[in-house]
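What follows is calculated from the coordinates using simple rules that are stated; it is not laboratory data. Every value quoted in this text rests on a predicted model; they were computed, and no experiment measured them. In this analysis, Cβ positions are derived from the backbone assuming ideal geometry, glycine residues included, and neighbour counts consider all displayed protein chains.
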């Protein structure tokens, strides 16, 4: 029974009122503030217009008082208890943020100290038939960490290592400090008779074309002795037919059931096949009567992490159902700073966008949360693998403290049990960047203490996984491996040479060096990176116009304003200037900033990811930092806070397409033409390379025979730069690749950087058709660079955007709202960078 009754909240100074007074069932709380659950205090105050939107301007600074107060939640509900019922009743909170004391009918039933897991309370002796009241007190955080040791390293704030809540609440280099409080998960009452299924663990043991072996392990809690317990385990196919079934006795607390599934339909990522889902059903019987049940989707698949290839060389590759995968994706941060207020629709929209951009993996970054059920359900359904970090990011943690470690163990055990049945879950990872940064900070002398927290990632977590989930690999940290945890030759790697200017190579004990120069931060450094797996890399780009204008005060939407700078939480704003200076030139106004930063990000990611994919024999994955935003800021994201994709997102549709046409070229060097195939089918066709000037005149054409092997990356040919120019300057041409015989998208290139191109001014003709929900755009006279469509609304989808048009070429762009409602085309603007 989910409690969907009206909740009310109120704040007090810490200790201002006796808890028994505020928990009293008969308290008159009609003058308190109404609030949604799941939710949080900030969201409730915003909805009731008590505080101004913290994302607008500098309003977040006006909200800091919230984290200093004691907050109370109250509600009431009716509950029916059958006469003579011998039942157990539990009150369950899926998310309490963070230090909460819970009262039922005025009685204190327990307290919590971890926002990253659910909490259950046995209320059998407290709950009553009829009317009941709940009160929850949330302490301000400072009461619980003001007397704790502070460590030499905890990024962005020294207060968070003792606090088990989302690290990004305290601010990060892409978001503001917004310390939330409240009931962020669903609340329900569970009722059991005699016994219950405490957990169900289903895993694929083996897979063959004729048969798959699935094992289902059950943990059972009994409330009475002497029960004769049985379980019935079924696997149903999509049509509801039984694919496998077994009945077993349950001896004691545990049972294991093996199912044999004939002609199994496997779960694949969406780019390799169908993410087929069965339904796993379990019935628990006690003395012949059903007392509990379980039913969830279940995918039959195997997942491995290959650390050595067939030749014995180091590798870092995911093997799905025996097929080596090139992981294409991005890093996921919480979809809003107000985690409890994130809607299911927002989750679905962001995962839909990942699939539309041909991504097959998302990494849940350690500084957020273990995501809500809808996230993993959608990844299961859509065929997207999940790399799951445990929630430890960029800090030392007190592994010497027994209470803290007991708390962490409960958190880890709870989340492993909750998530381990998801077919999409591919990897557990111990932390984000801690092993790597501990060595660097120790080497420079800013840390002189032992590696506090090491026991969590290298002992506690792997020990729990040995007990609770042996069906998928574990990796201690990201990055990790080699002589320097960020070694390109072993394990995964975070490439922050680009953007942050980190100087490589480096070994353990070397003092880290940063190079803040055009050459130090340029994305051209990606070609020096022959990593086994690039799990973090990227660069900033502006948010879209609508997102910025909506959240910046009047008169401040201009390049160089204080409010624009406030959108950027990175430590050194000069990095973005250097990156643009070396590629597009420095912007002179807000329009140039939006265009230049977006183009730099898009072309930079294309440059790096195409390099990684051409080298797929060695490199097996690229996860861009980052997928989304938690507030309307300037960041590394592909999709801004209003769910409007940036230019890089539309580029990703091509550079992450399973079939990629690509050119490896540097100024003055030959054009090496490649084709990359991530699918399990081979193809046969042709690839044409054409070179035109900006007036549309074709200067050169060459067609290559293209046998495209399954899972392969092959070079089709090499053309001297001078040959393709046909006497023209490299600053005056446009190169295009097209495929015949297989469905690879076209790809285009310029032989020099944008700042050096001699591109005439373009003219565009745009015709909007509101009934058809399209806009047709034609380039007139000259080549159009970075054609951009703007509409003053959020969360709308364009079939394409930020593209180039040759003279006379037209593009029909379809516009839609993911809710299926018509999109108003009022305020439509079409532009290009060279108009």
Tensor-based shape of the stretch 278-410 (alpha-carbon gyration tensor, a/c under 1.5 rounded, otherwise prolate or oblate)
rounded
Stretchable slack from residue 400 to residue 483, in nm (0.36 nm times residue separation minus alpha-carbon distance):
27.2 nm
For the stretch 504-565 and the stretch 23-57, write down the distance between their C-alpha centroids in whole Å.
37 Å
Cut-off 19 Å, label 7 Å out along Cα→Cβ of residue 413, residues of the stretch 387-401 by amide N:
390-391, 399-401
Roughly what would the spin-label model give for residue 157 and residue 814, points 7 Å off Cα along C-beta, in nm?
4.5 nm
Between the stretch 98-173 and the stretch 227-255, the alpha-carbon center distance in angstrom
37 Å
Among beta bridges that DSSP assigns inside the chain, antiparallel share in %, nearest 5
85 percent
If I take R0 = 45 Å and measure r between the Cβ atoms of residue 150 and residue 122 in this structure, what FRET efficiency does the formula 1/(1 + (r/R0)^6) give, to the nearest 0.05?
0.75
With each pseudo-label sitting 7 Å past Cα toward Cβ, what's the residue 758-residue 470 distance in nm, one decimal?
7.0 nm
By average C-beta atoms within 10 angstrom, highest first, the peptides 126-137, 634-645
634-645, 126-137
Centroid-to-centroid separation of the stretch 586-627 and the stretch 732-805 [C-alpha atoms, Å]:
17 Å
Spin-label pair residue 248/residue 14, simplified geometry with 7 Å Cα→Cβ offset, distance in nm:
4.9 nm
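For residue 21 and residue 293, calculate 0.36 nm times their separation in residues minus their Cα-Cα distance, and state this gained length in nm to one decimal.
Working: separation 272, 0.36 × 272 = 97.92 nm, distance 4.00 nm.
Result: 93.9 nm gained on full extension.
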Mean separation of Cα pairs under 8 Å and 6+ residues apart, divided by the residue count of the stretch 194-298: what relative contact order is that in percent?
29 percent
How far is helix 402-419 tilted, in degrees, relative to the longest principal axis of the Cα atoms in the chain, given as a value from 0 to 90 rounded to the nearest 10?
70 degrees
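Tell me, what is the percent relative contact order of the stretch 326-656, built from C-alpha pairs under 8 Å that lie six or more residues apart?
On the way: 640 pairs, mean separation 65.1, N = 331.
With pairs under 8 Å counted, the relative contact order is 20 percent.
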Between residue 557 and residue 64, what FRET efficiency follows from the Cβ-Cβ distance if R0 is 22 Å, with the result rounded to 0.05?
0.30
For 91-104, 421-434, ranked highest to lowest by mean beta-carbon neighbours within 10 Å, the order is 421-434, 91-104
Kindly identify the stretch 613-757 as rounded, prolate or oblate by the Cα gyration tensor criterion: order the square roots of the eigenvalues as a ≥ b ≥ c, call it rounded if a/c is under 1.5, otherwise compare a/b with b/c, prolate if a/b is larger, else oblate.
oblate
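Report the antiparallel proportion of the DSSP beta bridges in the stretch 326-656 as a percent, rounded to a multiple of 5.
So the antiparallel bridges in the stretch 326-656 amount to around 15 percent.
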With an 8 Å cut-off on Cα pairs and a minimum separation of 6 or more residues, tell me the relative contact order of the chain in percent.
9 percent
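Rounded to the nearest 500, what is the 222 nm mean residue ellipticity of the chain from helices alone, with -39500 (n - 2.57) per DSSP H run of 4+ residues and division by all residues? Present the calculation step by step, with values, prior to reporting the outcome.
Details: 15 runs with 141 residues, N = 835.
The helix-only estimate for the chain comes to -5000 deg cm²/dmol at 222 nm.
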Extension gain from residue 823 to residue 508, taking 0.36 nm per residue of separation minus the Cα-Cα distance:
107.9 nm
Order 624-632, 446-454 from most to least packed using the mean count of other Cβ atoms within 10 Å.
624-632, 446-454
At R0 = 60 Å the Cβ-Cβ FRET efficiency linking residue 343 and residue 722, nearest 0.05, sits at 0.60
